[in-house]
Amino acid sequence: MLDALIRRMTALVNIKYAGSHTFSASIDGKLKSIVTPVVARKLSISEEYIADIKTSDELFPGKQTKAITNPLSPLKTPSTSDIILEDDSDNEESEILNEKATCPKKSKKTENEGEKNGEKRKKKNNHQEQTAKKIKQGKGDKKQDEEIRLKEEEQRKQEKQKQDDEMRLKEEEQKRREEQKQEEIRLKEEEQKKQEKRKQDKEVRLKEAELKRKEKQKQEEEIRRKEEEQRKQEKQKQEEEEQRKQEKQKQEEEQQRTKEQKQEEIRLKEEEQKKQDKRKQDEEVRLKEAELKRKEKQKQDEEIRLKGEEQRKQGKQKQDEEERLKEEKRIQEEKYNEESKRKELVASEDRGVDCTTLNCNITARVRARTLLRKGGMPLFPAGRREWNQEEVIPLITIPAVVR
């Protein structure tokens, strides 16, 4: 299949045409189309033609490129013996990308022209495909060639007429759009003029209304000012009249108040005299009652004092009796203690024990008697010269030397 395609492309290259070409091939009983650009470059020795085969997904799974050389059995002709088909798809794609990147964005009209040129190229490719088929078949029937030529001419005429119709329709459409645009501009201008006129009329009407309003306001202000002046004068008259009435009434009230004040003073004097008399009587009664109360209270206080003294006297007697009993009890206890200690001292002397070894507290009286009985002399602590009988103190004793 590739050999047949290569032969067709080689035959097409023989016409020394560079551009985009469409080839037809029967694959699996179905007619498929292959679109390929062919670029011709003149070299120093021979001509080199580069074909980039581009197919649809139905024919091949993707884009197929192949470098074709003489061993692939190309069609041997005097003009194609030195032709070599190479793969220059990468350079072609890079050139297309560079052109897309550098070209500015075209208008809608340019896009329509591009579509039109694409259709032209497609038709031209179809025509060249037919020519390639004719070259491949070699010597064909002249009548068939004539029919093909007539068909091609008819096809070109139809294409030209179709293109002319399309151009005419596009021009009419463009003209209609321009007219519509101009009509829209005209309508906008008219609408703007109407709006400006309405605006001016409105401004004039507003100015006139403002003037009328100001004039009316001025007149109303004048009328209102006159009415206010008149009301003010009437009010002033009424106020003056009212003031005179008030002054007269005030004088009458003052006279009445003076008269009432005099009567009130007389009444107050009489009441004050009555109050003084009543206070005097009340004071005398109060003094008498106070004197009676004082005497009664003095009597009660004296009775209470006597009762208190009696109670205190009884309490003191009772307390003295208790103290006397306590003293007698204490004296008895002291006597008992002295007797016990005396017996103990006598017993200790009999046993030859020094009284100074006894760790006991005895009354000073007992100690002194004991020392005096033995010929000793008591030493009173802290310079004391006498002691109470009830006091129990430790004494420093100097035992007497018995010889």
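Which ³J(HN,Hα) values in Hz, rounded to whole numbers, follow from the phi angles of segment 270-279 under the Karplus curve 6.51 cos²θ - 1.76 cosθ + 1.60, where θ = phi - 60° and Gly and Pro get x?
So the Karplus estimates, Gly and Pro as x, are 4, 5, 4, 5, 4, 5, 4, 4, 5, 4 Hz.
What is the extension gain from Glu333 to Lys170, computed as 0.36 nm multiplied by their sequence separation minus the C-alpha to C-alpha distance, in nm to one decimal?
Between Glu333 and Lys170, full extension yields 42.7 nm more.
Which FRET efficiency, nearest 0.05, do Arg286 and Glu322 yield, Cβ-Cβ r, R0 35 Å?
So, using R0 = 35 Å, E works out to roughly 0.10.
Over 27 Å between Cα atoms: which of Lys116/Lys188; Lys116/Lys151; Lys278/Lys299; Lys226/Lys250 fall into that group?
As for pairs spanning more than 27 Å Cα to Cα, those are Lys116/Lys188; Lys278/Lys299; Lys226/Lys250.
Say each of Arg279 and Glu210 gets a label point 7 Å from the Cα, pointing the same way as Cα to Cβ; how far apart are those two points in nm?
Each label point lies 7 Å from its Cα, and together they span 8.7 nm.
In whole angstrom, note down how far apart the Cα centers of segment 173-235 and segment 263-282 are.
91
Of the listed pairs Lys295/Lys316; Lys122/Lys157; Lys133/Lys160, which have alpha-carbon separations greater than 27 Å here?
Over 27 Å apart, Cα to Cα: Lys295/Lys316.
So, R0 is 35 Å and r is the distance between the beta-carbons of Arg257 and Lys235; what FRET efficiency does that work out to, to 0.05?
The computed FRET efficiency comes out at 0.70.
How much length is gained on full extension from Glu242 to Lys133, taking 0.36 nm per residue of separation minus their Cα-Cα distance?
Net length gain for the segment: 25.9 nm.
So what's the net charge close to Ile266: Lys and Arg +1, Asp and Glu -1, counting the other residues with Cβ under 12 Å from its Cβ?
Local charge sum for Ile266: -2.
Short version: ³J(HN,Hα) in whole Hz for each residue of segment 247-256, in order, from phi by Karplus 6.51 cos²θ - 1.76 cosθ + 1.60 (θ = phi - 60°), x for Gly and Pro, what are they?
Listing the rounded values in order: 4, 4, 4, 5, 4, 4, 5, 5, 4, 5 Hz.
What FRET efficiency would be calculated for the residue pair Ser340, Glu310, taking the C-beta separation as r and a Förster radius of 35 Å, to the nearest 0.05?
Computed FRET efficiency for Ser340 and Glu310: 0.20.
Multiply the residue gap between Ile223 and Lys120 by 0.36 nm, knock off their C-alpha separation, and tell me the result in nm, one decimal place.
27.8 nm
Taking a threshold of 29 Å on the Cα-Cα distance, which of the pairs Lys193/Lys218; Lys120/Lys175; Lys259/Lys280 fall above it?
Beyond 29 Å: Lys193/Lys218; Lys259/Lys280.
Show me the ranking of peptides 230-236, 148-154 by mean Cβ neighbours inside 10 Å, starting with the highest.
Result, highest mean first: 148-154, 230-236.
Read the figures in this text as sums done on the coordinates, not as results from a lab. Because the structure is predicted, anything quoted here is derived from the model rather than measured. With ideal geometry, Cβ positions are generated from the backbone for all residues, glycine too; neighbour counts draw on all protein chains shown.
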